[in-house]
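The values are calculated or read from the model by the stated rules, or taken from the named source; none is laboratory data. Being a predicted model, the structure only gives us computed values, none of them experimental. All Cβ positions, even for glycine, are placed from backbone atoms using ideal geometry, and neighbour counts span all protein chains on display.
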Amino acid sequence: MERLQKFLARAGVASRRKCEELITAGKVAVNGEVVRELGSKVDPDHDRITVDGQPVRMEPHVYILLHKPRGVVTTAADPQGRKTVLDLIDLPQRIFPVGRLDMDTSGLLLLTNDGALANGLMHPKYEVDKLYRTEVEGYISDESIARLEAGVELEDGPTAPAKVRLLRRSKSKSLFEITIHEGRNRQVRRMCDQVGHPVLTLKRMKLAFLTLGETVPGQWRYLTDKEVDLLFRIAGATR
């Protein structure tokens with residue numbers, strides 16, 4: 001027996017947090033009965049489990065690195081009909097993104113159907129580094145860079161210290177790389193707004209040890225076994 005949300009995440013329905021939302025929303029049924037209690041346990045070998053009426057079965061785990069283009073939303077489906085990251089990947093397995101990049105941000109995005117890995121990588125305690133190449137308006141001063149590095153106060157609290165590497169700057173715009181390990185919504189954009197330099201372009205170049213390599217926007221590849229094993233170690237999860 002195992003907790004229902006854990007099984008749904010293992011089966012690749014979504015991250016565990018999203019699976020909990022599906023349960024409390026009444027979208028999950030066990031043996032024909034809607035279950036809303038997060039503590040509910042199931043026997044995957046004998047119970048019939050459905051989400052929105054569709055049966056959930058264990059599938060082989062897949063791990064994908066996508067070079068997300070701008071203009072694509074990081075979600076499984078979009079009510080506004082915009083292109084999603086899943087539209088770029090044609091697979092029989094039901095996969096979901098690990099974290100998110102906003103529509104105007106491009107770069108490295110992981111997708112999987114392995115909830116254990118996704119939850120570990122997104123958990124704040126593991127402090128997984130994410131490096132973004134950031135172009136902002138105006139000449140960013142050394143003082144502003146120091147503020148980003150020290151952490152800035154946002155409406156949802158102060159950010160953790162960041163690492164900043166200046167690439168170039170001029171009167172009209174500046175380019176730098178910033179490394180953070182938190183996963184707040186639009187965090188880099190809000191940090192730059194806070195120091196008076198709105199973001200012009202934003203691209204995630206690196207997640208943990210993974211880089212975009214030679215991929216082009218819209219292109220994806222499977223992670224190697226070695227890469228997956230290392231990610232599991234970083235995420236404190238068991239493969």
Notebook entry, point to check: Only one residue in Thr134, Thr112 is assigned by TED's automatic domain parsing to the domain that holds Pro92 and either touching a residue at least 60 places away in the same chain (Cβ under 8 Å) or not hydroxyl-bearing (Ser, Thr, Tyr) (or both). Which one?
Noted result: Thr112
Margin query: Which pairs turn up if I take residues in the stretch 3-18 that are touching a residue at least 40 places away in the same chain (Cβ under 8 Å) and look for partners that are of a type in the set (Phe, Trp, Tyr) with beta carbon separation below 8 Å, at least 6 apart in sequence or on another chain?
Written below: Gly12/Phe96; Val13/Phe96; Ala14/Phe96; Ser15/Phe96; Lys18/Phe96
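Tell me the residue from Gly213, Gly218 that is in a loop (DSSP other than H, G, I, E, B) and in contact (Cβ under 8 Å) with a residue 24 or more places away in the chain, please. If you could, list the steps in order and put the result at the bottom.
On the way: Gly213 fails: in contact (Cβ under 8 Å) with a residue 24 or more places away in the chain.
Criteria check complete, one pass: Gly218.
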Check: When you scan the stretch 187-220, how many residues do you find that are farther than 16 Å from Met122 by Cβ, under 19 Å from the mean Cα position of the chain (by Cα) and surrounded by 13 or more Cβ atoms within 10 Å (Cβ to Cβ)?
Finding: 16
Check: How many residues does the stretch 62-94 contain that are assigned to a loop (DSSP other than H, G, I, E, B), at pLDDT 90 or above and surrounded by 12 or more Cβ atoms within 10 Å (Cβ to Cβ)?
Finding: 8
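Looking at this structure, is Thr50 in the same structural domain as Gly218 (by TED's automatic domain parsing) and of a type outside the set (D, E, K, R)?
Details: in the same structural domain as Gly218 (by TED's automatic domain parsing): no; of a type outside the set (D, E, K, R): yes.
The answer is no for Thr50.
Between Glu182, Glu149, Glu127, which is in contact with a strand residue (DSSP E or B) (Cβ under 7 Å, 6 or more places away or on another chain), farther than 17 Å from Leu200 by Cα and of a type in the set (Asp, Glu)? Can you show your working first?
Working: Glu182 fails: in contact with a strand residue (DSSP E or B) (Cβ under 7 Å, 6 or more places away or on another chain); Glu127 fails: in contact with a strand residue (DSSP E or B) (Cβ under 7 Å, 6 or more places away or on another chain).
It is Glu149.
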Check: Would a scan of the stretch 156-165 turn up a residue that is surrounded by fewer than 21 Cβ atoms within 10 Å (Cβ to Cβ), touching a strand residue (DSSP E or B) at 6+ places or on another chain (Cβ under 6 Å) and hydrophobic (A, V, I, L, M, F, W, C)?
Finding: yes
